[in-house]
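Some notes on the structure that comes next.
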Amino acid sequence: MLDVRRLRADPDGVAAALARRGLDRSEVAKLVELDAAARAAAQERDEARADVKRLSKEVGAARKAGDPAADRLQGESRARGEQAGQAEARATALDEELRRLLLVTPNTPDAAAPDGAGPEDNRVVRTWTPTGVPFNEAAYQACQRVPHWEVAAQHGLLDLERGAKLSGSMFPLWRGAGARLLRGLTSWALDRHTTDPGPGPVWEEVRPPTLVKTATMVATGHLPKFEDDMYHLERDDLWAIPTAEVPLTSLARDELLDAADLPLKLCAYTPCFRREAGSAGRDTRGLLRSHEFDKVELMAVATAEQALGLQAEILARAEGLLRELGLAHRILDLCAGDLAFSSMRTFDIEVWSPGVGAWLEVSSVSWYGDYQARRAGIRHRVEGGGTAVAHTVNGSALAWPRVVAALLEAHRQEDGSVRVPPPVRPWVGGLSRLG
RNA sequence: GGAGGGAUGGCCGAGCGGCCGAAGGCGGCAGUCUUGAAAACUGCAGUCCGGCAACGGACCGGGGGUUCGAAUCCCCCUCCCUCCGCCA
């Protein structure tokens, strides 16, 4: 949620920033007008209430003293109270309208985010290959150019037909070594983040609930705007999380944290649920897109000063995992027009899938400024007094299905078997080959 | 699912319809003392909104209501605890 005070102080600046992601300037003007009207009504209400308080005290004193003026004062107080009530009703209606609009107004892109309208304008920051030579699609062998759903079928790693029987399409069912590999990747990544300190303290492992309340979904910006993309259990009014970012962010919801508690570095494996409404038939083969998938997420609550360093750490950790897996990948600096709703600056990580012949997004590392924390009510004390709204940062390290897709293809040998990258072997019973 | 008990500041906890933004404690900050720390003592300090400020308003789980006036009385909801039932 944008800071209304910033809207007041610099409406043109906010409008210009939001215009970079395609928002019309009149939207901001509407917010500013509503805010002014709401404040005027609130002031009227406060003045009337101040009178009621003063008069009520006088009524009490007069009654005690047997002063006949008490009845008159009581009448005045009642009349003023009615005015306060009317002003209150107006102020509340205006506040609600303002909040309703703010909740569907996206965050302002950071000035450093590149200009652009869509995915084609994202900037490639760097590309990494296992051999160190510049990325070249043509360098991949014929044995690597087999789509992962064929590799998986060959070795019995996935049973997509059975998955569809149980739950419908885009609900993959993992079997045998495939299931084990998936579990191994999760355990390996969690251990890396929770024991390898990297540039700072390790990340605390959390196992949050995966069904959450509406307020939890609103805090991160997933509701109300993206309701159609979420699974909702109507009977209990619970939502299936689309990412661990949702419960992890709400861990600190409505809390006032000590500066010493920051940064709060959290790490979680969870299944993630996405309805993918409107994406039916688009890049949905095999593991490219599914309704339920496993992901390890890193999420931090931080001060403004700490936030960018943590974003860099998450990005470095995610890249580090892909390097250890020996998978070619590239980092994208998302342009203003392609940024997610709540984000100020996002780096996507895409892994090369030689069998599909495409870059696949496996992580999105975002800095939200104080946008999410304001929605979520996450504040911290500031040295020297006062409080500040926290910053939030998060990213996947990593989302597994597409990583596995790339792995099954890139590490496929001429004999059709798939090499298991060394760091994961201890997690899959020492296996060095699948098939 | 049934019965009962709770929800008050960063945390714990007291609170007669007006003198309650709220006792007390812990924790925090500053100082005295100390080589330093601890202890002890003294003092300061809730959060949010509006306002340059003076100041005004809101907030005692959430929402309604009664009243000139509600932390306090009434209604609804949510959450937590205990017991029973069910159960991985």
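None of the figures in this text is laboratory data; all of them are computed from the coordinates on show. Here the structure is a predicted model, which means the values were calculated and not measured. Cβ coordinates were reconstructed from backbone atoms using ideal geometry, including for glycine residues, and neighbour counts include every protein chain displayed.
From largest to smallest, what semi-axes in whole angstrom does region A:222-283 give when each is the square root of 5 times an eigenvalue of its alpha carbon gyration tensor? Each step should come with its number before you reach the end.
Numbers: eigenvalues 165, 43, 21 Å².
Taking √(5λ) for each Cα gyration eigenvalue gives 29, 15, 10 Å.
Need one word for region A:143-213: rounded, prolate or oblate. Basis is the Cα gyration tensor (sqrt eigenvalues a ≥ b ≥ c); a/c below 1.5 gives rounded, then a/b vs b/c decides. Verdict is oblate for region A:143-213.
Using alpha-carbon positions, what is the distance between the centroids of region A:386-435 and region A:1-51, in Å? What the calculation gives is 46 Å, centre to centre. Amide H contacts under 5 Å for A:Glu292: A:Arg274, restricted to partners 5 or more places along the chain or on a different chain, H placed in the peptide plane at 1.01 Å from N. For A:Arg433, the residues 5 or more places off, or on other chains, whose built amide H falls under 5 Å of its own are A:Val420. Figure legend: label point modelled 7 angstrom from the Cα of A:Cys143 along Cα→Cβ; residues of region A:392-435 with amide N under 18 Å from it are A:406-422, A:432-435. Against the empirical curve 2.2 N^0.38 Å, the C-alpha radius of gyration of region A:17-107 lands at a ratio of 1.66.
If Rh is defined by the Kirkwood formula over all Cα pairs and Rg also comes from Cα, what ratio Rg/Rh do you get for region A:289-329?
Values: Rg = 13.2 Å, Rh = 12.2 Å.
Taking Rg over the Kirkwood Rh, I get 1.09.
Helix A:304-325 and the long axis of chain A differ in direction by around 20°, with both axes built from C-alpha atoms.
At 0.890 mPa s and 25 °C, plugging the Kirkwood radius over alpha-carbon pairs of region A:276-367 into Stokes-Einstein gives what diffusion coefficient in µm²/s? Estimated via Stokes-Einstein, D reaches 166 µm²/s. Shape summary: chain A maps onto an equivalent ellipsoid whose semi-axes, from the alpha-carbon gyration tensor, are 52, 22, 21 Å in decreasing order. If R0 is 45 Å, the Cβ-Cβ spacing of A:Asp191 and A:Gln43 corresponds to a FRET efficiency of close to 0.20.
Rounding to the nearest 20 debye, state how big the charge dipole of chain A is about its Cα centre with +1 on each Lys and Arg Cβ and -1 on each Asp and Glu Cβ. Mind showing how you got there, number by number?
On the way: 55 positive and 62 negative charges, 129 e Å.
Computed charge dipole of chain A: roughly 620 debye.
Per-residue ellipticity at 222 nm computed for chain A from its helices equals -13500 deg cm²/dmol, with DSSP H segments shorter than 4 residues left out and the rest contributing -39,500 (n - 2.57).
Can you tell me how region A:37-193 classifies by the Cα gyration tensor, rounded, prolate or oblate, using a/c under 1.5 as the rounded cut? Each step should come with its number before you reach the end.
Numbers: a/c = 4.48, a/b = 2.95, b/c = 1.52.
Since a/c reaches 1.5 and a/b is larger than b/c, the shape of region A:37-193 is classed as prolate.
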